Amino acid sequence: MKNVPIRSIKGNTKNPRQLEKKKFEKLVKSLKEFPEMLEKRPLIVADGVILGGNMRYKAALELGFKEVPIIDASEWTEEQRNQ
């Protein structure tokens, strides 16, 4: 796990999951009150694209985070990335 500038990664356009507005607002509030949560649930990123954690990424962007913790999955195969 490592911290990277939030602007160095981007959301996955193929992300099938979207949160309802209320649930997203709850996530933003949770992350604002307990930012250390990202250390326990880092974003999964391969080649600069988020494979897991798109909503946490959007919440962190909304809150103005400069850096986020990630697990680099660039060495994963295409099949592993799509699971």
Scaled radius of gyration (Cα, divided by 2.2 N^0.38 Å) that the chain gives: 1.05
On Cα atoms only, tilt of 21-33 relative to the major axis of the chain in degrees: 80 degrees
Selected from LEU61, LEU19, LEU38 as most flexible by GNM, with the chain as the system and alpha-carbon contacts under 10 Å: LEU19
Under Karplus coefficients 6.51, -1.76 and 1.60, residue-wise ³J(HN,Hα) of the range 45-61 in Hz, glycine/proline x: 10, 10, 6, x, 10, 6, 9, x, x, 4, 6, 5, 4, 5, 5, 5, 4
Rounded to whole Å, sorted largest first: equivalent-ellipsoid semi-axes of the range 13-59, Cα gyration tensor: 19, 15, 6
The chain, relative contact order [Cα under 8 Å, separation at least 6], %: 43 percent
Extreme residue, positive dipole direction of the chain, given options VAL45, LEU63, ASN12 (C-beta unit charges): LEU63
Within the chain, percent of DSSP bridges classed antiparallel, to nearest 5: 65 percent
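Where a number appears in this text, it was derived from the coordinates with a stated rule and is not lab data. Fair warning: this is a prediction, and the values are worked out from it, not measured in the lab. Ideal geometry is used to build each Cβ from the backbone, glycine not excepted, and the neighbour counts take in all protein chains shown.
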